[in-house]
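To start, the structure itself, in structure tokens.
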Amino acid sequence: MTGLKNEKDGYESLIDAALAISRIFSLDKQSEIVTQALERAFPSYILTMIKVMMPPSRFSREYFAAFTTIFFPWLVGPCEVMESEVDGRKEKNMVYIPKCSRFLESTNCVGMCTNLCKIPCQKFIQDSLGMKVYMSPNFDDMSCEMIFGQQPPEDDPALKQPCFRTKCIAKQNHGVNCSI
């Protein structure tokens, strides 16, 4: 894929790899690399099975939300299932991350959030798992909402968020190419 290696383990290795990807590759290529990595992390038959056995429904949207809160706190920090409205009805299909204390807070980087998390995750979940998802980061308080079953808007405000040039740890300390 990228040929990048580092000597770190676990989450620190992930951050180191993300910083390297942001330094070396264009913005479009950054998202593409992460999407490909997500696709390679799962056997294709598992992705197909999930897509076929869990077509979009209230059950699958709520299942995806519950699954996320169990298996992804190591990546984003504590999170919880909350309700949102789908077709005029309340469902527990939203994951609220009060503070993306791992990825966003550790880099304070808008570009890394959008290019290495938001865009590739939305694409992977929709294309590989058959579930629309809209990830809505709040760059003021570093929270994020993942709303399963909702298509990202054409005019996504997160993609217009300017770089935190004076606060961006990734740009200041690592010279990343993260400006959107």
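Determine if region 62-77 includes at least one residue that is more than 18 Å from the chain's Cα centre (by Cα) and in a loop (DSSP other than H, G, I, E, B).
Checked region 62-77: no residue is more than 18 Å from the chain's Cα centre (by Cα) and in a loop (DSSP other than H, G, I, E, B).
Output the residues belonging to region 15-31 that are in contact (Cβ under 8 Å) with a residue 24 or more places away in the chain and under 30 Å from MET49 (Cβ atoms).
ALA18, ILE21, GLN30, SER31
Any residue in region 67-78 that's open to solvent by 40 Å² or more (accessible area, probe 1.4 Å): show its pairings with residues that are part of a helix (DSSP H, G or I) at Cβ separation under 6 Å, as long as the two are six or more apart or on different chains.
Qualifying pairs under 6 Å: none.
Of the conditions (1) out of contact with any strand residue (DSSP E or B) (no Cβ under 7 Å at 6 or more places or on another chain); (2) at pLDDT 85 or above; (3) in a helix (DSSP H, G or I); (4) hydrophobic (A, V, I, L, M, F, W, C), ILE21 fails just one. Which one is it?
(2)
How do the pairs read when you match residues in region 125-139 that are within 20 Å of ASP155 (Cα to Cα) with residues anywhere that are among the charged types (D, E, K, R) and part of a strand (DSSP E or B), using Cβ under 7 Å and keeping only pairs 6 or more apart or on different chains?
Going by the 7 Å Cβ cut-off, the qualifying pairs are SER136/GLU145.
The values are calculated or read from the model by the stated rules, or taken from the named source; none is laboratory data. Quick caveat, the model's predicted, so the values are computed rather than measured. Neighbour counts run over all protein chains shown; Cβ positions are idealised from the backbone, glycine included. Accessible surface is based on the protein model in full, side chains and every heavy atom, while ligands, DNA and RNA are left aside. Shrake-Rupley method; radii C 1.70, N 1.55, O 1.52, S 1.80 Å.
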